Number of protein chains: 2
Amino acid sequence: MTYKAPLRDIQFVMNEVLDYPAHYQTFAEGQNATPDLVEAILGEAAKFAEQVLSPLNVVGDREGCRNNDGQITTPPGFKEAYQQNIESGWPSLAFPEVYGGQALPSSLGQVVSEMPAAANHAFSMYTGLTLGAIATITAHASDDLKQRFIPTMVTGQWSGTMCLTEAHAGSDLGLLRTKAEPNADGTYSITGSKIFISSGDHDLTDNIIHIVLARLPDAPKGVTGISLFVVPKFKVDADGNVGEFNNVRCGAIEEKMGIHGNATCVMNFDGAEAYLIGKPNKGMACMFTFINESRLGVAVSAQAHIYASFQKALNYARERLQMRAPQRKFSEKAADPIVVHPDVRRMLLTQKAFAEGGRLLNYRCAQLLDITHGAGSEEEKQLANTLLAVFTPIAKGFLSEVSLEATSYGIQILGGHGFIKESGLEQEYRDTRITAIYEGTTGIQGLDLLGRKILGSGGKILEPFVEEIRSFCTNNVKSAYVTETEASLNQLLDLTDIIGAAAAENPDEVNAAGVDYLMFAGYVTLAYCWARIAKSAKTAIDSGGADSGFYHAKLHTARFYFERILPRTQTLATTIQSGASNLMAIDEQYFGDC
Amino acid sequence: MTYKAPLRDIQFVMNEVLDYPAHYQTFAEGQNATPDLVEAILGEAAKFAEQVLSPLNVVGDREGCRNNDGQITTPPGFKEAYQQNIESGWPSLAFPEVYGGQALPSSLGQVVSEMPAAANHAFSMYTGLTLGAIATITAHASDDLKQRFIPTMVTGQWSGTMCLTEAHAGSDLGLLRTKAEPNADGTYSITGSKIFISSGDHDLTDNIIHIVLARLPDAPKGVTGISLFVVPKFKVDADGNVGEFNNVRCGAIEEKMGIHGNATCVMNFDGAEAYLIGKPNKGMACMFTFINESRLGVAVSAQAHIYASFQKALNYARERLQMRAPQRKFSEKAADPIVVHPDVRRMLLTQKAFAEGGRLLNYRCAQLLDITHGAGSEEEKQLANTLLAVFTPIAKGFLSEVSLEATSYGIQILGGHGFIKESGLEQEYRDTRITAIYEGTTGIQGLDLLGRKILGSGGKILEPFVEEIRSFCTNNVKSAYVTETEASLNQLLDLTDIIGAAAAENPDEVNAAGVDYLMFAGYVTLAYCWARIAKSAKTAIDSGGADSGFYHAKLHTARFYFERILPRTQTLATTIQSGASNLMAIDEQYFGDC
């Protein structure tokens, strides 16, 4: 089944819930994004995703990438689609004019990115990582390097990667060993091997610009001895011309469970010429520019998979005739379409609640991204950064976890047919599995949110997040959903205090509570999202305009969320408070008899 | 990594928790199963699973089955392994001597079956379905048919299948269309097409005996017009000699998400000679012999996947060095093995709690199976049947659902390495996904347990189940786990009443609550299992024998279960009571904008 972009809902969230048009009035790139232009762009993006990328999704899964003696080829059709992507100007959408960009808001780029991610996750990674590489170079490199690399990356003619992981250094980058030796001319020579490099090598572009973590000679051990480098596959002269091969080789393509259309590479650097960006030994801090943007991108992919799975499952549930519902609504047919059965609805509504609530969460993050990228005052920028520090691990961690559940329901709704490749549902389940792993596992997101940020700041970092939700609640006191949202927020704060006190006694308490706390925060955040959606839907219904079915469906889904999903916080509150000792008491040696 | 059979824990559950030796004293087959013989059999089964089946698991996944012009071949090595399986006498283990069996208890067959299922699920299905086919013929066919088919199936020389599903008839078998026309000689001619037939065709045996649902001419519509037939791939004469081809063809092999080593076939019957078993139009009732045994088999596979995933993940967690735990236990190493990190332990303990608790649940079902197969009095048999009616959907539905979660943790513990095929963890996740679908989806298990059985009997069918748990609790009042088990059981009964009252007003309430109720019942059942395990472990510790590390690990895992898993019932109690209207209110038409 071909993907169909949910333009109606995208515009509802942008225009009616978050009031992007008003937000866009407040900054230059926003003013470029007139309502007509936004609508035209969304329509074109939908067409590209539906007509070009979606048909290649299965091809990518079946054919995968090939390694012919070190020449990496992408699946049939990817190259043509990538060319079309460049020609349509999609890569340059949200970059400044000085680099040849279209100077539209970052948020519009994020909104648009849901569609390629839903249509073809593996393809969308080739373009998505380039954006993060550009952002990293923009933020940390010299003007010379910016001029040399960015304009050609902005057009999409060159792509980018992030090279962090090594075989023995994953979550723990402090262990990495790749070396950077200084050369006489101010460049460095990089030697080492990286693994799990998405889009690491391929045939889509003339050059690939790697952002690489490595160690300078005599650098301190651990994360404080890591520096960041730009390493092109082919050397680039000062005028931006592509020169000789830079000894960056794909050693192997990994065989994975999903996203087969993306080349996940072992990358070997053999004295490759490299350019330091940021300060020596301060590479991890610079890399977080890339990591944070990528985490928001992963949240988009996770939500996109939920939606894509929901769309396919809903279509099936409307067509498939099995058994009679008690009301026997379709007695002219041999059986009722399964969409009338309560348990099928439970699964579909779970998908819908996560897909549409997750969309609002991601668009809210995108709005904040505009501000961190320069819309608004310095004070507003700081506030937005603080909000994103909290929203990012929630969006990434929570949406990827519920994406596993939601895409599993996509299979389950189809029964045996969902287990068969032809339905496409099992590919959603396989492809989204990586979202809970890459750019930091859910465990890492939990540590980042609860440990590094919230407890690390004595709770201070939470304040703008709490203030945002509380001020929405204060302004909408009459809704039952608002009352419940605020109650769950208060419970989150209580739990934060409880864990904080326990962690002061025993540092293991942080990691013991981390994932459950992250999920609790996610359910609270999604409650806030659904309370906002319900408010906007009610406003539209009260105004008596068209499309009331759409808005009533929003109210029903909000009710479903508050009655059947938010209660998950009850269990989480208990498990969070159960403490670390039920995890730590068991002896490593006797964990299992294996 | 090669599978290693958990013989220590298998024997703990058999001997120390369930006291199989005493149970075996009470019936003839049991008396054949002397402790020495059982130990020898388990040891041989472990070797076969570890040395023969486990190495073929990856081969089966990668190579899959092939269709060469209608000749179906299994993956390389499967044929030789199957021959070895026959030569070792595994298929005949738990069948009566009259059919050439070894006259050992059914329960021993179930216990043994965990090992091949954990080592190679796809392979184990070729032998597993044969057992159900034999049971069905034994229970419902004429003596002539029994003699003709069973002895050769018991040796494993012929295999069996169950042919239920058609393209338009899955959960709703009442819609099936395959026709059975009576012939003058008392046989029937079957014409129709079945889909999703596991082990439907292959090169492992000389003949394949299909158990087929079809309609006689002028049969009533729906499930009351379905009859059951035996249909061999090659005709078999009265002396059991294989004759001419019976027009049963594999039309295609399905491409699936997992269990690639098993041939899932479209099976076309083109006037195939068939033998009626059971009464005309009473086929569904007879088929439940097969379905119920198969559901217990699925519960074994689901639990086996949990264990296999746990074993691989635990080995990795003991070797993989990443980051420092707060206690810094391994300061001589570059980092700590990740098994010391609280969140990794949380995932491992979840796997362990489900794998070992699920093992007890399955072995308890196996014990009951002995009684339904003839051990004990008629009264005991009825009681065992009633208990199994409740335990079966719980074991099948609950264990398959938590298997999805547990195998997902298997991936997550390995991070990016878990997403790579080489680790084997992603295969566990893909292969076990079918367990929540085939032999009735989780939704169907929920309807079966709550609707058909519990509410259908006015709650009566629950009584022996409640009595079993309550009498254990009454005899062990001093344990906190017992108190909590009983409290959760009482809550289950309260919820049953609440749903029953609601369903009397609105029949949609049954299906609306079904899956959550099934899961609630599952958590209660597993609480009972862990309370029993804790009791046995404590007894062993108090007696001061060897192996105290093993028993202490049991106590720690029980604590983990009660503190971190059982609280899931809190959320379920809320969602169950939230009622059907939050599912039914939304209009089909506006479910989504697609």
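Modelled spin labels at A:Arg470 and B:Ala504, positioned 7 Å past Cα toward Cβ, are 4.8 nm from each other. Enclosing the Cα atoms of the range B:446-539 in their convex hull gives a volume equal to 78 cubic angstrom per residue.
Rounded to the nearest 500, the 222 nm mean residue ellipticity of chain A from helices alone is -17000 deg cm²/dmol, with -39,500 (n - 2.57) taken per DSSP H run of at least 4 residues. Alpha-carbon geometry of the range B:399-515: the Rg and the Dmax are 18.8, 54 Å, given in that order. The mean count of C-beta atoms from other chains within 10 Å of the C-beta of residues in B:563-573, rounded to a whole number, is 6. Annotation for the range B:411-447 versus the range A:272-287: alpha-carbon center distance of 40 Å. In the complete set of protein chains, residue-level accessible area for A:Arg215 is approximately 40 Å², probe 1.4 angstrom. Between A:Asn315 and A:Asn15, full extension at 0.36 nm per residue minus the direct alpha carbon distance yields a gain of 105.3 nm.
Note on B:Asn68 and B:Phe288: the model spin-label points, each 7 Å out from Cα along the C-beta direction, lie 4.5 nm apart.
From the alpha carbon centroid of the range A:36-87 to that of the range A:139-181 is 24 Å. Partners of B:Lys47 within straight-line reach, counting aspartates and glutamates whose Cα lies under 14 Å from its Cα and excluding those fewer than 8 residues away in the same chain: B:Glu39, B:Glu114. Across peptide A:190-197, the average count of Cβ atoms from other chains found within 10 Å of a residue's Cβ is 1. Seen from all directions on average, the range A:499-582 presents a Cα convex hull projection of 6.2 nm².
Dipole of chain B computed with +1 at Lys/Arg Cβ and -1 at Asp/Glu Cβ about the Cα centre; of B:Thr187, B:Gly451, B:Asn362, farthest Cα towards the positive end is B:Asn362.
With the contact rule set at Cα under 8 Å and sequence spacing of 6 or more, what percent relative contact order holds for the range A:442-583? Spell out each step's value before the answer.
Values: 120 pairs, mean separation 43.8, N = 142.
It rounds to 31 percent for the range A:442-583.
Across the range B:337-472, the mean sequence separation of Cα contacts (distance under 8 Å, 6 or more residues apart), normalised by length, yields a relative contact order of 25 percent. Relative to the dominant Cα principal axis of chain A, helix A:548-560 is inclined by about 80°.
Relative to the Cα centre, what is the charge dipole magnitude of the range B:523-570, using +1 at the beta carbon of each Lys and Arg, -1 at the beta carbon of each Asp and Glu, and rounding to the nearest 20 debye?
On the way: 7 positive and 3 negative charges, 35 e Å.
Using only the charged Cβ atoms, the result is roughly 160 debye.
Take the Cβ-Cβ distance between A:Lys478 and A:Gln51 as r, set R0 to 56 Å, and report the resulting FRET efficiency rounded to the nearest 0.05. Could you put the intermediate results ahead of the total?
Values: r = 45 Å, r/R0 = 0.81.
Computed FRET efficiency for A:Lys478 and A:Gln51: 0.80.
Accessible surface for B:His417 stands near 50 Å², nearest 10, in the context of the full protein assembly shown (1.4 Å probe).
Normalised radius of gyration (Cα atoms, divided by 2.2 N^0.38 Å) for the range A:311-371: 1.60.
Rounded to the nearest 20 debye, the dipole size of the range A:296-375 about its Cα centre is 340 debye, using +1 on the Cβ of Lys and Arg and -1 on the Cβ of Asp and Glu.
For chain A, compute the orientation-averaged projected area of the C-alpha convex hull (one quarter of its surface), in nm². Write out the running numbers ahead of the final one.
Values: hull surface 116.5 nm².
Mean shadow area of the hull around the Cα atoms is 29.1 nm².
The C-alpha radius of gyration of the protein assembly as shown, expressed as a fraction of 2.2 N^0.38 Å, stands at 0.93. With its label point defined 7 Å out from Cα along the Cα-to-Cβ axis, A:Gln11 lies at 7.1 nm from the matching points of the other copies, in increasing order. Between B:Ser543 and B:Glu378, the C-beta separation translates, for a Förster distance of 41 Å, into a calculated FRET efficiency of about 0.60.
Could you compute the FRET efficiency for A:Arg452 and B:Ser193, with r as their C-beta to C-beta distance and R0 at 51 Å, rounded to 0.05? All intermediate terms of the calculation are to be shown ahead of the outcome.
Working: r = 59 Å, r/R0 = 1.15.
That gives a FRET efficiency of 0.30.
The angle between the Cα long axis of helix A:568-577 and the main principal axis of chain A comes to about 60°, on a 0 to 90 degree scale. Could you tell me how many degrees, from 0 to 90 and to the nearest 10, lie between the Cα long axis of helix A:342-372 and the main elongation axis, the longest principal axis, of the Cα atoms of chain A? The two axes meet at around 50 degrees. Peptide A:501-510 has a mean of 2 when you count, residue by residue, the C-beta atoms of other protein chains within 10 Å of its C-beta.
Against the 2.2 N^0.38 Å scaling, with N counting residues, where does the range B:93-172 land? I'd like the Cα-based Rg ratio to two decimal places.
Details: Rg = 13.9 Å, N = 80, 2.2 N^0.38 = 11.6 Å.
Here the answer is 1.20, to two decimals.
Computed over the Cα atoms of the range B:19-129, what is the ratio Rg over Rh, Rh following Kirkwood? All intermediate terms of the calculation are to be shown ahead of the outcome.
Working: Rg = 15.8 Å, Rh = 15.1 Å.
For the range B:19-129, the value is 1.05.
Taking the charge dipole of chain A about its Cα centre, with +1 at Lys and Arg Cβ atoms and -1 at Asp and Glu Cβ atoms, the residue from A:Val236, A:Met115, A:Tyr275 reaching farthest to the positive side is A:Met115.
Treating only the Cβ of Lys, Arg, Asp and Glu as charged (+1, +1, -1, -1), what charge dipole size does the protein assembly as shown show about its Cα centre? Round to the nearest 20 debye. Don't jump to the answer; show the numbers that get you there.
Working: 98 positive and 134 negative charges, 172 e Å.
I would put it at about 820 debye.
Position B:Asp494: other-copy label points at 1.9 nm, ordered by increasing distance, label point 7 Å along Cα→C-beta. Max-minus-min Cα coordinates of the range B:150-220 on each principal axis give 38, 32, 16 Å, with the largest extent listed first. Comment: the Cα-to-Cβ extended label point of A:Ala334, at 7 Å, lies 6.2 nm from its counterparts in the other copies, nearest first.
The values are calculated or read from the model by the stated rules, or taken from the named source; none is laboratory data. Since we're looking at a predicted model, the values are computed, not measured. Note that we place each Cβ from the backbone using ideal geometry, even for glycine, and neighbour counts take in every protein chain shown. Ligands, DNA and RNA are stripped out before the accessible areas are found, and what is left, the full protein with its side chains, is counted by its heavy atoms. Shrake-Rupley method; radii C 1.70, N 1.55, O 1.52, S 1.80 Å.
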